[in-house]
Amino acid sequence: MKRIKLACLLLVFVQQAVLGTHDVYIVTMEGDPVVSYQGGVEGFPATAVDLDEEMDVTSEAVTSYSLHLQRHHDNLLDSLFVEGTYEKLYSYHHIVNGFAVHMSSLQAEFLRKAPGVKHVERDMKIQKLTTHTPQFLGLPTGVWPTGGGFDRAGEDVVIGFVDSGIYPQHPSFSSHKTDPYGPVPRYKGKCEMDPVTRRSFCNGKIVGAQHFAKAAIAAGAFNPDIEFASPLDGDGHGSHTAAIAAGNNGIPVRMHGHEFGKASGMAPRARIAVYKVLYRLFGGYVADVVAAIDQAVQDGVDILNLSVGPNSPPTATRTTFLNPFDAALLSAVKAGVFVAQAAGNGGPFPKTLVSFSPWITTVAAGVDDRRYKNHLTLGNGKLLSGLGVSPATHGNKSFTLISAADALLGSSGTKYSALDCQRPELLNKRKVQGKILLCGYSFNYISGTASIKKVSQTAKSLGASGFIVAVENSYPGTKFDPVPVSIPGILITDVSKTTDLIDYYNSSTVRDWAGRATGFKATAGIADGLAPTLYNSAPQVALFSSRGPDVKDFSFQDADVLKPDILAPGNLIWAAWAPNGTDESNYAGEGFAMVSGTSMAAPHIAGIAALIKQKNPKWSPSAIKSALMTTANTLDKGSHPLRAQQYTTSEMMTLSRATPFDCGSGAVNPKAALDPGLVLDATHEDYIRFLCSIPDVNHSEVSNIAGSSCNSSSKGQRPYDLNIPSITISQLRGTETVKRTVTSVSEETETYTIMTRMPPEIALDVMPPALTVLPGASREITATLTARSVTGTYSFGEITMKGDRGHLVRIPVVAMGFK
């Protein structure tokens, strides 16, 4: 018996050696998943339900059919390969019929040809796309009262967070000082136990907590000594995004003895369901994300927040919209789940989006009206502006300056980068004590090996009166954020101002024949930077926010889809942080962090979508998206057109008028989105027709990945015929006619006057010029676009529908004239 076992093991080892290295592959199978199975398999009744019905995921029919699909996946693999030469990681069965498997490229090629297999694609990595905003967005006075106040805003709506986990002990997620949370019967998610404390991650506010890492483990990326094999957030990112969307209201943001205000989520009474897929060292893998999305939809979430995205457009399919990630989200939307995804942080450069598909709400990041600035007053009277969320120097007085270069102990600076002020043991405490320490800014700050927090700790341990970090060289693309510190401190980011500072310091410092400093006569005072300044020129599109146009394939050809969809606050956002989080070195050990990224913008939209869902529980995801887009603001608080941060040719930041490729339809307006008047709705069949209409798309690829076939109704369809609240034609040749269907969600009949705005290069006409829409009724409008000239650039305009009962509906129009 032992000889037989040894022979089998030897056969496995030989096969593995022949087959070569293994990767994770995502496999799509023939046959419907649970959400769309209409029956047809003997012994298994239909499981699909209408959108306005609730699926019982615990029913015998759903359980039996799910097990049937899993067994089918197992049987297929067992029939093709020797046990031990592969490892099945997940069976997807709720929104996708398929599985993830760790195997060799030869086995994957063999699997592609197996009967019943639709598509096989190698897994790819994903990345993170990394408080005052409720007041800025008008939620406390304009939105929360309509839902019963902040203590009922988002009640019983479940938001799923596909992210880096959660820190459940944070007060933003506490259930102790709130009204008791009742059960959410339709939500069936699990709560994992903390392997250390043996306590559940759930508490009523948090209703589900699971982690997904099988693909990461199979790929050899998961290090159990560093990563948490649980929903615990070891990064900080997941706790931050969850708090932005659904954190408790009125949580004091305290750091270094100062209170920076009260934090609140957009929907403070919404429930949180955690699906951890991101880890400290490597980000995550699509196979794990698909498993998390499949589970989240099966569990019954209402909203999905994805502050993650692929590292680049997919290469294995002919179009960006047909990849396992977006296909899973299409199935989630089909099941009635609204999806918000971060646009990406590749701005301000064009075609840097990592969120592509029209069924997803892609969120750009805006700079809100709160800015933290500070200044330094030199002894010669010069005032240098900078960044520093810090107290003023003691008594608002000036203190002597000393450069780290002049405070070195011996020759330690030759071995270490002492000028970064990261190691107090390299500097002479006797010299530094009572003075302001002047430090340099090197690439170590950009790489993450140096931090402003560490400078603060160094200066404090040496008894300094404060510190200055001065940027001497330009680092294109570097984003400088203010960092809260406990002692007076400032970051000078302007290289010219750093030159003024260094010139003053050098001219005021006495040196001996060898260049050693013997007398320090330069002085400076640091102002109080703890209070923010409020600006009317907000919001602006943040410099880092990824820009359109959307791309339809890996060759970066323009798509006939507007992306991003909408703008939400994403710059310097205060929210909960995991004290053990490693994502931001400046906030290590802290309970709150002020972080920037489209990762922070997406949960604003997820939380606001929860408020819309609470008010209108029967609305489809596309109706919610439409309500957000058609009511968005195109003017800032000063009533000027929205502007976007850009680079000049000399890599200096400037402001230019924002286009839909910067901010989509505009800045989110929560109050208006709750009562949009009209919505533009789209069904799953509409999205399939859209996929089938993409030029050069392989129809079998649509069927294999999206699970639905192209039929005769797709003939003659063009991508821009999809009924979404925007019109984008990347190649307008001559004249094109585009139709849109609007549906009233108002309780009263309303007559809308239709107006257009478009640059002279493109003629835009809409018929009828006015229309009356009854409650619940739908009407069609027809837009005719004509290219008057070929400029090689896009023209931006809009269709505006103004109702006689106060509703205002905007549809952005984007087109480029072609010969």
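The values are calculated or read from the model by the stated rules, or taken from the named source; none is laboratory data. Predicted model only: the values in this text are computed from it and were never measured. Reconstructed Cβ throughout: ideal geometry from the backbone, glycine too, with neighbour counts over all protein chains shown. Just so you know, the surface numbers come from the protein's heavy atoms only, side chains and all, with ligands and any DNA or RNA stripped out. Shrake-Rupley method; radii C 1.70, N 1.55, O 1.52, S 1.80 Å.
In the set L491, L462, L501, only one residue is more than 20 Å from P391 (Cβ to Cβ), crowded, with 22+ Cβ neighbours inside 10 Å and at pLDDT 90 or above; that residue is L501. Of everything in the stretch 728-763 that is of a type in the set (V, I, T) and open to solvent by less than 10 Å² (accessible area, probe 1.4 Å), the residue that is farthest from G817 (Cα to Cα) is V742. Can you spot a residue in the stretch 617-624 that is in a helix (DSSP H, G or I), assigned by the TED database to the domain that holds Y167, under 24 Å from V813 (Cα atoms) and among the aliphatic types (A, V, I, L, M)? Among the residues of the stretch 617-624, at least one is in a helix (DSSP H, G or I), assigned by the TED database to the domain that holds Y167, under 24 Å from V813 (Cα atoms) and among the aliphatic types (A, V, I, L, M), which makes the answer yes.
Which residue is modelled with the lowest pLDDT, if the candidates are limited to the stretch 790-806 and must be over 20 Å from V738 (Cβ atoms) and among the small types (G, A, S)?
Step by step, filter the stretch 790-806, then rank; the result is G792.
Just one of the listed residues (K205, K262, K190, K276) is at pLDDT below 95, of a type outside the set (S, T, N, Q) and open to solvent by less than 10 Å² (accessible area, probe 1.4 Å), and it is K205. Comparison of V809, V773, V766 shows that the only residue that is among the aliphatic types (A, V, I, L, M), over 19 Å from T737 (Cβ atoms) and either open to solvent by 50 Å² or more (accessible area, probe 1.4 Å) or more than 32 Å from the chain's Cα centre (by Cα) (or both) is V773.
If you go through the stretch 219-254 and keep only what is crowded, with 24+ Cβ neighbours inside 10 Å and among the aliphatic types (A, V, I, L, M), you end up with L232, A242, A243, I244, A245, A246, I251.
Looking at the stretch 326-428, the strands (runs of 3 or more DSSP E) lying wholly inside it that each contain 3 or more residues that are over 22 Å from the mean Cα position of the chain (by Cα) sit at 374-378, 383-386, 399-403. Within the stretch 556-577, the set of residues being charged (D, E, K, R) and open to solvent by less than 10 Å² (accessible area, probe 1.4 Å) comprises K563, D565. The listed residues are T756, T793, and the only one of them that is under 18 Å from T659 (Cα atoms), part of a strand (DSSP E or B) and within 34 Å of the chain's Cα centre (by Cα) turns out to be T756. Residues in the stretch 160-187 that are among the small types (G, A, S) and in contact with a Gly (Cβ under 6 Å, 6 or more places away or on another chain) were compared, and the one that is surrounded by the fewest Cβ atoms within 10 Å (Cβ to Cβ) is S175.
Among the numbered conditions (1) over 24 Å from C663 (Cβ atoms); (2) in a strand (DSSP E or B); (3) not polar (S, T, N, Q), the only one that G776 does not meet is (2). Among the conditions (1) modelled with pLDDT under 90; (2) closer than 16 Å to G707 by Cβ; (3) open to solvent by less than 60 Å² (accessible area, probe 1.4 Å), the only one that Q38 does not satisfy is (3). Flag set for D235, criterion: closer than 29 Å to P484 by Cα, part of a loop (DSSP other than H, G, I, E, B) and among the acidic types (D, E). Among the helices (runs of 4 or more DSSP H) confined to the stretch 639-699, the ones with at least 2 residues that are surrounded by fewer than 23 Cβ atoms within 10 Å (Cβ to Cβ) are located at 670-673, 684-693.
Does the stretch 471-484 contain at least one residue that is at pLDDT 85 or above, within 21 Å of K429 (Cα to Cα) and either outside the structural domain of P350 (by the TED database) or open to solvent by 10 Å² or more (accessible area, probe 1.4 Å) (or both)?
no
Please indicate, with yes or no, whether at least one residue in the stretch 70-81 is touching a strand residue (DSSP E or B) at 6+ places or on another chain (Cβ under 6 Å), surrounded by fewer than 19 Cβ atoms within 10 Å (Cβ to Cβ) and on the phi < 0 side of the Ramachandran plot. Within the stretch 70-81, one or more residues are touching a strand residue (DSSP E or B) at 6+ places or on another chain (Cβ under 6 Å), surrounded by fewer than 19 Cβ atoms within 10 Å (Cβ to Cβ) and on the phi < 0 side of the Ramachandran plot. Any idea which of (1) in a helix (DSSP H, G or I); (2) more than 23 Å from P812 (Cα to Cα) is the one S709 doesn't satisfy? So S709 meets the others, but not (1).
Within the stretch 295-317, identify whether any single residue is open to solvent by 10 Å² or more (accessible area, probe 1.4 Å), within 14 Å of the chain's Cα centre (by Cα) and assigned by the TED database to the domain that holds S622, and answer yes or no. Within the stretch 295-317 (the criterion being open to solvent by 10 Å² or more (accessible area, probe 1.4 Å), within 14 Å of the chain's Cα centre (by Cα) and assigned by the TED database to the domain that holds S622), the answer is yes, since at least one residue qualifies. Against the condition part of a loop (DSSP other than H, G, I, E, B) and either in the same structural domain as K618 (by the TED database) or in contact with a helix residue (DSSP H, G or I) (Cβ under 9 Å, 6 or more places away or on another chain) (or both), how does A100 come out, does it pass? Spelling it out, it is not the case that A100 is part of a loop (DSSP other than H, G, I, E, B) and either in the same structural domain as K618 (by the TED database) or in contact with a helix residue (DSSP H, G or I) (Cβ under 9 Å, 6 or more places away or on another chain) (or both). Going through (1) under 30 Å from I502 (Cα atoms); (2) crowded, with 24+ Cβ neighbours inside 10 Å; (3) not polar (S, T, N, Q) one by one, L530 falls short only on (2).
What about N723, is it in contact with a Leu (Cβ under 9 Å, 6 or more places away or on another chain) and modelled with pLDDT of 80 or more? Lay out the reasoning, then the answer.
Values: in contact with a Leu (Cβ under 9 Å, 6 or more places away or on another chain): yes; modelled with pLDDT of 80 or more: yes.
Taking the combined requirement at face value, the residue satisfies it.
The condition (being at pLDDT 50 or above, surrounded by fewer than 14 Cβ atoms within 10 Å (Cβ to Cβ) and closer than 27 Å to L106 by Cα) is satisfied by just one residue among T28, T21: T21.
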